[in-house]
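What follows is a short report on a single structure.
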Amino acid sequence: MPSALVLIADGTEEMEFTIVYDTLVRAEVKTTSAFVPDTPSPSHSISPPAAKGSRGIKIMPDIYFDNAECGPDRYDLLVIPGGAKGAETMSNNVGVQHLVRKYIEENKFLGMICAGSLAAQTSKLPKQALTSHPSVKAQLEKDFDYSEDPVTISGKLVSSRGPGTAFPFALTLVELLCGPEKRAEVRAPMVFPANTPF
């Protein structure tokens, strides 16, 4: 069974987190959420706090982010959602940067959506095709081959634009992990309007 780790922090965009997490679960991907605190925490012996999303919705993560527990030896996919404050916390976290590089080195999938794509820059990934929310385009277009496609795939790196592209992003991740048949199986009961282009 494929497995995925979806990061979350205070300020994470709720739709980008929940649509991806939910869609992966529907595809029978073993999915875990990990809380990235905005300041170093002395002890992770207790359960993580509820993350307060960018629209004030509180979401309870499964575990604290921990490099030893969150690596590519345990998961097939690492997802970094957006939301300005949450994406800033994640992209500036040295542990997250280390894992971003590690997932690519180990040939595992890496998903970034919205401002979460800033983690590609702070992690110093090589120049390649990438997209993001328009609000951070100027920060990324010098270091990457910037795309305005809803979902952009560059090897194992999958990026997307924002809340409105969360479904095609999530379904693309399902297809990469589980195949096109599973994507179709998951998509059908979601009942998208006729002629939805993804």
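Values in this text are rule-based calculations from the coordinates and carry no lab data. In this text, all values refer to a predicted model and were calculated from it rather than measured experimentally. Cβ: placed from backbone, ideal geometry, glycine included. Neighbour counts: every protein chain shown.
Compute the separation of the alpha-carbon centres of the stretch 59-83 and the stretch 128-165 and state it in Å as a whole number.
Cα centroid of the stretch 59-83 versus Cα centroid of the stretch 128-165: 21 Å apart.
Defining a contact as two alpha carbons under 8 Å apart and six or more residues distant in sequence, what relative contact order in percent does the stretch 51-126 show? Show your work: numbers first, answer last.
Working: 98 pairs, mean separation 26.1, N = 76.
Over the stretch 51-126, the number comes to 34 percent.
Loop sites only, by DSSP: take the GluC sites (Glu not before Pro) in the chain that have at most 16 other C-beta atoms within 10 Å and name the longest stretch containing none of them.
Numbers: sites that count: Glu28, Glu69, Glu106, Glu141, Glu148.
So the longest stretch without any such site is 149-198.
Which percent, nearest 5, of DSSP beta bridges in the chain are antiparallel?
Values: 6 of 27 bridges.
Approximately 20 percent, going by the DSSP bridge assignments.
Please label the shape of the stretch 110-198 as rounded, prolate or oblate, based on the square roots a ≥ b ≥ c of the eigenvalues of the alpha-carbon gyration tensor (a/c under 1.5 means rounded; beyond that, a/b larger than b/c means prolate, else oblate).
Numbers: a/c = 2.82, a/b = 1.83, b/c = 1.54.
Note, shape of the stretch 110-198 comes out prolate.
Under a straight-distance cross-link criterion of Cα-Cα below 30 Å, which lysines are reachable from Lys124, leaving out those fewer than 8 residues away in the same chain?
Lys30, Lys52, Lys85, Lys102, Lys108, Lys137, Lys142, Lys156
Which loop-located trypsin sites (Lys or Arg not before Pro) does the stretch 29-80 contain, where loop means any DSSP state but H, G, I, E or B and the Cβ has at most 15 other Cβ atoms within 10 Å? List each step's numbers first, then the result.
Working: sites: Lys30, Lys52, Arg55, Lys58, Arg74; in loops: Arg55, Arg74.
Passing sites in the stretch 29-80 are Arg55, Arg74.
For every helix of n ≥ 4 consecutive DSSP H residues, a contribution of -39,500 (n - 2.57) applies; sum these over the chain, divide by its total residues, and give [θ] at 222 nm rounded to the nearest 500 deg cm²/dmol. All intermediate terms of the calculation are to be shown ahead of the outcome.
Values: 7 runs with 63 residues, N = 198.
Using -39500 (n - 2.57) per qualifying helix, the result is -9000 deg cm²/dmol.
Output the relative contact order of the chain, whole-number percent, from Cα pairs under 8 angstrom with separation of 6+ residues.
On the way: 418 pairs, mean separation 41.0, N = 198.
It comes to 21 percent, rounded to a whole number.
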